[in-house]
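**Student:** I have a structure here, written as structure tokens, and I will follow up with some questions on it.
The values are calculated or read from the model by the stated rules, or taken from the named source; none is laboratory data. Bear in mind that the values here come from a model prediction, so they are computed numbers and not experimental data. Quick reminder, even Gly has a Cβ in these numbers, built from the backbone with ideal geometry, and neighbours come from all protein chains shown. All accessible areas refer to the heavy atoms of the entire protein, side chains included, with ligands and DNA or RNA removed. Shrake-Rupley method; radii C 1.70, N 1.55, O 1.52, S 1.80 Å.
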Amino acid sequence: MNDRPDSRDARKAAEAPLGPEHSPLSPLSVHNMTVAYHRRPVLWDIDYDAPEGGLIAIVGPNGAGKSTLIKAALDLVPRASGEVRIFGRPYRQQRRLVGYVPQRETVDWDFPVTALDVVTMGRYGRIGWLRPISRAHRRAAQVFLEQVGMGEFADRQISRLSGGQQQRVFLARALAQEAELYFMDEPLAGVDATTERTIIDILRSIRADGRTCIVVHHDLQTVRQYFDHVVLLNGRIVAAGPVSEVFTEENLARTYGGKLTLLEEAGQALAHGRVTGEPNDDA
Amino acid sequence: MWMMLASTGATAGAMLDTSEWLGPFGRALFFAGPYNTRIVVAGTVLLGIASGLLGTFLLLRKRSLLSDALGHAALPGVCAGFLIGVWLFGDGRSLAVLLPGAAVFGLLGAAAVQVLTTLPRVREDAAIGVVLSVFFAAGIVMLGVIQTMDGGGQAGLDRLIFGQAATMSAGEVRAMGIAAILTAGLCVIGFRQMRLLCFDPAFARSLGWSTTALDGVLLAGAVAVVTVGLYAVGAILIVALLIIPPAAARFWTDRLGTMLVIAAGIGGFGAWVGTAWSAVAVDLPTGPAIVVVCGGAFAVSMLAAPPRGVLAAAWRRRTMQRRMARQHLLRAMYETGEVRGAADEPIDLETLRIRRGWSKRDLARALRETKRQGDVQADAEGWRLTDAGFAAARAQTRRHRLWEHFLASHAEIDTSHVDRGADDIEHVLGRAMVDELEADLKSRGVLAQRGDVPDSPHRLDDNGPGTNSGDDPPGSWPR
């Protein structure tokens, strides 16, 4: 588990940094990124360097663009402008270094697959396009399932798992990717206490390996306890840095305060104008 | 391969040919009919298998209805192909123009759905409805035009509405067999890719897979099946062959691999029996015959499949209800004895029933179940718990109280309401949870020793029929 020669080498072969203010070896460098849905801007001018080996929380109100930030970094949604580097290179060259835990609600849990099937999907990036899934990959998947305390549920169809167990299956799938940088979308939302403990233990062991986790997190109470870095997000980055410096009352008020930010109003006006062709007077 | 199927069928047919008892339907079914029927049956069976496999992925990708639009859009495509053939070569009946016409229009229909969906205020169901009906209507109009043309009436294009397998030419059957084999092969080779595409497309994209390309492959498969299926099943009902077999298969299994096999089986079976049926029945188009057989398979699956079928679910519910009724009666009897301070006194169940607010049916059901399990016995004075019944009643009361205490202390539910919450959950508490609850209560001093029955958190005397005034703590009740 500790030697990942290909990934360590790939990391050293970084290209030139995005700009003088960016570190060439940061796990994630985002430069001047803007993302819009239907011309309505969701993220505005994001500039960020993730520190290596950190547990990083992305925190912000609903609709702040937390999931969108992750998805734009993973090329899952198009960027209107700006660039993203993973260990100094574009994402498409670094896929083997990245693991992803989508939000649990995004999939249909009545799907006819077992827990082990789902975890094995984490290995798909390493299996040749037309090669069958080898026994070695299944064994590896079983090991990762055991790491999240779900070894005995390998053959269980996923709808027969509790919400917390489903979340742990998703985490095991990401572990099976054996990545250097993880993106996790609300892995602690609506889980039981056992699952929360398990997930936090695993995040810490990932950090102990010198790997990096970027986690969308909804619970302000536990940010200090679980994370060492935080990104406060509301359409733009309000503040980012070590929790001890950045996670202050004042910054939180700036992140969550006010009903509509000017940006949101502008965005709504744009979206409204697109549909009706008229300026929005009632806003 | 379909030739092989047809020829093995022919051998089997030769053996069966002499047996007159088969009748025409049986001969068609067992490949003993005329050569043409034999190879048509083989061809439609392959089509049924392929659409069962592909339909499974379409269903799981929630694209089944899109294939309905495809089927309806293919009809004007065939007509357009015919007209182009007449215009270019003087004859439009060649498959070389008809099949590409159907495929191109099928894709056009799918593209039209995509474009309409991107418009504001047009949802996918509306878009599919618009495309399906407009393309189909255009097809019917074009058919009308073709019928009036010289030689147009002999083209037999009207059979593409409902499908008429018996009149298929060898070339049509061959095209159907090839498309079916290719599609089935695609589903087997691309099993892993299709599974991830259907389950979690965002994760697939994060691995660098192009879900657009994979969806394109799925769509191409659907177009292929629909195009060749027009001759056998017809434009209106081809979608049924893609939806019904996988929907029926889902009742039987929780495994994708098994679901594919069962869906292919149902599709192949429906096509086999349906084609044979329409081959011998006068004026029965093949499409409806196949769909009716598949529909029967669906009904059987829905009712009888053990894991997810309706009957199995009803049986499980009934078993659970009987178990709960028994456990409620046992606990009520235990608590009655507890309040009275004596376990051996006979209990008047009618009084108990009224106090607990049960209906006569509730009590009768509970009593039937407890008698069956040997928990209670009757004598002249009333009902008593047997030794085994007492042990079961005590265990049940313990689970109920453990959960009540937990609710009262952790879920901040008032003690007067915990009884209701505990009523539902006490029947499903597992060993591990009971242990955890016990440890919790013991650490808080509510429970003296593991295995004890904790005191009830609420008063029982208005609940049971005893005369206890509440002076004696119920937990001190001797065995």
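**Student:** Within region B:260-273, does at least one residue satisfy the condition of being within 15 Å of B:F57 (Cα to Cα), in the same structural domain as B:R63 (by TED's automatic domain parsing), in contact with a Pro (Cβ under 7 Å, 6 or more places away or on another chain) and open to solvent by 20 Å² or more (accessible area, probe 1.4 Å)?
**Tutor:** no
**Student:** Now for a different question. Which condition number does A:G122 fail, the rest of (1) within 27 Å of A:Q165 (Cα to Cα); (2) out of contact with any Phe, Trp or Tyr (no Cβ under 6 Å at 6 or more places or on another chain); (3) assigned to a loop (DSSP other than H, G, I, E, B) being met?
**Tutor:** The single condition A:G122 does not satisfy is (3).
**Student:** Which of the following residues is surrounded by fewer than 21 Cβ atoms within 10 Å (Cβ to Cβ) and in contact (Cβ under 8 Å) with a residue 12 or more places away in the chain: B:G337, B:G341, B:G357? Don't jump to the end; show me each part of the working.
**Tutor:** Numbers: B:G337 fails: surrounded by fewer than 21 Cβ atoms within 10 Å (Cβ to Cβ); B:G357 fails: in contact (Cβ under 8 Å) with a residue 12 or more places away in the chain.
B:G341 is the lone residue from the list that is surrounded by fewer than 21 Cβ atoms within 10 Å (Cβ to Cβ) and in contact (Cβ under 8 Å) with a residue 12 or more places away in the chain.
**Student:** Further question: Is it true that some residue in region B:289-309 is part of a helix (DSSP H, G or I), within 14 Å of chain A (Cβ to nearest Cβ), within 30 Å of A:F111 (Cβ to Cβ) and open to solvent by 60 Å² or more (accessible area, probe 1.4 Å)?
**Tutor:** Of the residues in region B:289-309, the ones part of a helix (DSSP H, G or I) are B:289-304.
Still in the running and within 14 Å of chain A (Cβ to nearest Cβ): none.
There is no residue in region B:289-309 that is part of a helix (DSSP H, G or I), within 14 Å of chain A (Cβ to nearest Cβ), within 30 Å of A:F111 (Cβ to Cβ) and open to solvent by 60 Å² or more (accessible area, probe 1.4 Å).
**Student:** Please find, within region A:84-119, the residue that is least open to solvent (accessible area, probe 1.4 Å) out of those that are in a loop (DSSP other than H, G, I, E, B) and among the polar types (S, T, N, Q). If you could, list the steps in order and put the result at the bottom.
**Tutor:** First pass over region A:84-119, keeping only residues in a loop (DSSP other than H, G, I, E, B): A:87-88, A:90, A:94, A:102-103, A:107-113.
When the remaining residues are screened for being among the polar types (S, T, N, Q), the result is A:94, A:103.
Working: A:Q94: 5, A:Q103: 51 Å².
The residue in question is A:Q94.
**Student:** Among the residues of region A:134-184, how many are closer than 24 Å to A:I214 by Cβ and surrounded by fewer than 16 Cβ atoms within 10 Å (Cβ to Cβ)?
**Tutor:** Here the count works out to 1.
**Student:** Could you tell me whether A:A73 is open to solvent by less than 20 Å² (accessible area, probe 1.4 Å), among the small types (G, A, S) and more than 9 Å from every other protein chain (Cβ to nearest Cβ)? Even if it seems obvious, please write down each step before you answer.
**Tutor:** Details: open to solvent by less than 20 Å² (accessible area, probe 1.4 Å): yes; among the small types (G, A, S): yes; more than 9 Å from every other protein chain (Cβ to nearest Cβ): yes.
Taking the combined requirement at face value, the residue satisfies it.
**Student:** Does region B:237-259 contain at least one residue that is in a helix (DSSP H, G or I), touching a helix residue (DSSP H, G or I) at 6+ places or on another chain (Cβ under 8 Å), open to solvent by 20 Å² or more (accessible area, probe 1.4 Å) and of a type in the set (K, R)?
**Tutor:** The answer is no; no qualifying residue exists.
**Student:** Here's another thing I want to ask about it. Being surrounded by fewer than 18 Cβ atoms within 10 Å (Cβ to Cβ), more than 12 Å from chain A (Cβ to nearest Cβ) and part of a helix (DSSP H, G or I) narrows it down to one residue among B:G177, B:G221, B:G229, B:G216; which is it? Steps first, answer last, please.
**Tutor:** Working: B:G177 fails: surrounded by fewer than 18 Cβ atoms within 10 Å (Cβ to Cβ); B:G221 fails: surrounded by fewer than 18 Cβ atoms within 10 Å (Cβ to Cβ); B:G229 fails: surrounded by fewer than 18 Cβ atoms within 10 Å (Cβ to Cβ).
Of B:G177, B:G221, B:G229, B:G216, the one residue that is surrounded by fewer than 18 Cβ atoms within 10 Å (Cβ to Cβ), more than 12 Å from chain A (Cβ to nearest Cβ) and part of a helix (DSSP H, G or I) is B:G216.
**Student:** Could I ask something else about it? Out of everything in region A:118-136 that is more than 7 Å from chain B (Cβ to nearest Cβ) and in contact (Cβ under 8 Å) with a residue 24 or more places away in the chain, what residue ends up being farthest from B:L214 (Cα to Cα)?
**Tutor:** A:V119
**Student:** Being of a type outside the set (V, I, T) and away from chain A (no Cβ under 11 Å) is the filter; apply it to region B:181-196 and report the residue that is nearest to A:V98 (Cα to Cα). Let's see the steps before the verdict.
**Tutor:** Filtering region B:181-196 down to residues of a type outside the set (V, I, T) leaves B:182, B:184-187, B:190-196.
Next cut, away from chain A (no Cβ under 11 Å) only: B:182, B:184-187, B:194.
Working: B:L182: 35, B:A184: 34, B:G185: 32, B:L186: 29, B:C187: 29, B:M194: 22 Å.
Top of the filtered list is B:M194.
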